[in-house]
Amino acid sequence: MTQRIDWPFKLALLACLAVGVSIVAWLLGHGAALFIAAALWALWFYECLLVASALQPLSVQRTLPMRTMASSDICVRLDIQRQGWLPIMWLRPHDDWEGALALHSQRTPVRSLMLWRRSAVWSYTLLNVPRGVHRVSEVSIEMADAFGFVSVRRRLPLAAEIIVHPKALDLPGCLPMPRHVMAGSRGSGFRRAEWGAVGGIDPYRQGDPLARVHWPASLRQGTLYTKSFDPPADRTWLFVPYWTSGGAMEDDASFELVMTLTATALREAGRIGAHVSLALPNRVVMTLGRYDSGLSGADPAVALLDALARCTRQDEAVDLQALLSHVPGESAAILLLGTAIASRQAAWLGSYAGRLHLAMASAAQGNSDVQDAVAWLAERGAQVCWIHEPRDLTLLAKGDVHGHRA
């Protein structure tokens, strides 16, 4: 526990002033001078009581959520209770957040703990909290007098952290379908067992097979609609959020876009009940089996989202060469969501292009090296799409790689 120690100097200064005025008043014997001296001594005694009340033991409890989603507002409550018998006047707490939340405004009122009121609750709201792990190590409590002359600031250790998950959008159908389904199932037809459940309807496009026409909806609307299928639930997925460690080809917005895309894909995997593995930096692969979208404390999905929240641009990039040697399953689909990719990484992915779905942040679209690597993978059968916003992930799922904005 630490405190600001300028109050001893101010009390000593006030005492010296009161002594000086008292001596002058005694020598002059003037009533007004005696009154001023008495007022100064009363003020000094008042300030001494203020310091004594500020230094008495305090109990502080902080209430805040352990986890939340990016761009949410967080309400923090501080319950302060005095342990001594002296009242505390004009008290205001302030949490000392680290990192991005250090600049957030904390509007807390000034309150008093009088003789009949031993505790009070302060609350403030942090607006639009960014993704990450945000820590607070201590709380500052400032107590001042009515004149602003003497104040005491105490710092009490009270550590806590909030894990802010990347924002997961609700985008049904954002996971790509099996390749023979995306091709329209022409020729030999399609095997219904390899399709997922019907997730919705889409307007009919030229080349869509008649077997996919949703006749009840088409009759109601007066135009043709086709069935939109979810990916099969028993399909194995490998999600790879990929970025270069502080690379010049990416920025914070692209990095956060990759985090949002990954969380959105995980949410969709939870909706259809798919098997999911997630590749993370430092050769960590979290295999969750059948993904459960619940967010209870025992759910492994919480650990997965926590890991995404802890990722930073400075983390070492995923080692694709080592990762691809342990791809789970012969038919596991690979969804790579990246900020940039070079020809070297593309060469490692080339032999997996038939089951590779590549979503690349549009900020790297102007980089010729990235464009060449993406085009090379597309020539070998990979499904690729430039992502401007998270909702563009559905274009990749539909195979509409040219449907995004230029």
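The values are calculated or read from the model by the stated rules, or taken from the named source; none is laboratory data. Quick caveat, the model's predicted, so the values are computed rather than measured. In this analysis, Cβ positions are derived from the backbone assuming ideal geometry, glycine residues included, and neighbour counts consider all displayed protein chains.
Given the condition on the phi > 0 side of the Ramachandran plot and aromatic (Phe, Trp, Tyr), answer yes or no: does some residue in the stretch 75-90 qualify?
If we filter the stretch 75-90 for residues that are on the phi > 0 side of the Ramachandran plot, which is where we start, we get 90.
After this cut, where a residue has to be aromatic (Phe, Trp, Tyr) as well, the list is 90.
Scanning the stretch 75-90 turns up at least one residue that is on the phi > 0 side of the Ramachandran plot and aromatic (Phe, Trp, Tyr).
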Quiz item: Which of the strands (runs of 3 or more DSSP E) contained wholly in the stretch 278-382 include at least 3 residues that are over 24 Å from residue 257 (Cβ atoms) and at pLDDT 90 or above?
Solution: none
Quiz item: Which pairs have Cβ atoms under 7 Å, sit 6 or more apart or on different chains, and link a residue in the stretch 295-314 that is of a type in the set (A, V, I, L, M, F, W, C) to one that is surrounded by fewer than 16 Cβ atoms within 10 Å (Cβ to Cβ) and at pLDDT 80 or above?
Solution: 309/133
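For the subset of the stretch 117-144 comprising residues that are in a strand (DSSP E or B) and of a type in the set (D, E, K, R), which member is farthest from residue 85 (Cα to Cα)? I'd like the intermediate steps shown before the answer.
Within the stretch 117-144, the subset in a strand (DSSP E or B) is 119-126, 132-144.
Pick out the ones that are also of a type in the set (D, E, K, R) and you get 135, 138, 142.
On the way: 135: 33, 138: 25, 142: 19 Å.
By that ranking, first place goes to 135.
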Self-check item: For residue 242: the one exception among (1) farther than 28 Å from residue 335 by Cα; (2) modelled with pLDDT of 80 or more
Solution: (1)
Quiz item: Listed residues 70, 102; which is under 30 Å from residue 136 (Cβ atoms), buried (at least 17 other Cβ atoms within 10 Å of the Cβ) and small (Gly, Ala, Ser)?
Solution: 70
Quiz item: Of the residues that sit in the stretch 119-132 and are surrounded by fewer than 17 Cβ atoms within 10 Å (Cβ to Cβ) and among the β-branched types (Val, Ile, Thr), which one is nearest to residue 59 (Cα to Cα)?
Solution: 121
Quiz item: Out of all the residues in the stretch 99-116, is one or more in a strand (DSSP E or B) and under 17 Å from residue 49 (Cβ atoms)?
Solution: yes
Quiz item: List, please: which pairs have Cβ atoms under 8 Å, are six or more places apart or on different chains, and start with a residue in the stretch 50-64 that is at negative phi and end with one that is surrounded by fewer than 19 Cβ atoms within 10 Å (Cβ to Cβ) and in a helix (DSSP H, G or I)?
Solution: 51/11
Practice problem: Just one of (1) assigned by TED's automatic domain parsing to the domain that holds residue 22; (2) on the phi > 0 side of the Ramachandran plot trips up residue 42, so point out which. | Solution: (2)
Quiz item: Say we look at the stretch 8-65 and pick out the residues that are hydroxyl-bearing (Ser, Thr, Tyr) and modelled with pLDDT under 85; which of these is surrounded by the most Cβ atoms within 10 Å (Cβ to Cβ)?
Solution: 53
Quiz prompt | Residue identified as in contact with a helix residue (DSSP H, G or I) (Cβ under 9 Å, 6 or more places away or on another chain), surrounded by fewer than 15 Cβ atoms within 10 Å (Cβ to Cβ) and modelled with pLDDT of 90 or more among 191, 135 | solution = 135
Quiz item: Just one of the numbered conditions (1) at pLDDT 75 or above; (2) charged (D, E, K, R); (3) not in a helix (DSSP H, G or I) is not true of residue 250; which one?
Solution: (1)
Exercise. Give the stretch 27-61 a look and list any residue that's in a helix (DSSP H, G or I) and among the polar types (S, T, N, Q), or say none.
Key: 53
Quiz item: Is it true that residue 114 is surrounded by 15 or more Cβ atoms within 10 Å (Cβ to Cβ) and at pLDDT below 85?
Solution: no
Quiz item: Could you list, in sequence order, the residues of the stretch 66-98 that are in contact with a strand residue (DSSP E or B) (Cβ under 7 Å, 6 or more places away or on another chain) and not in a strand (DSSP E or B)?
Solution: 66, 70, 73, 83, 87, 98
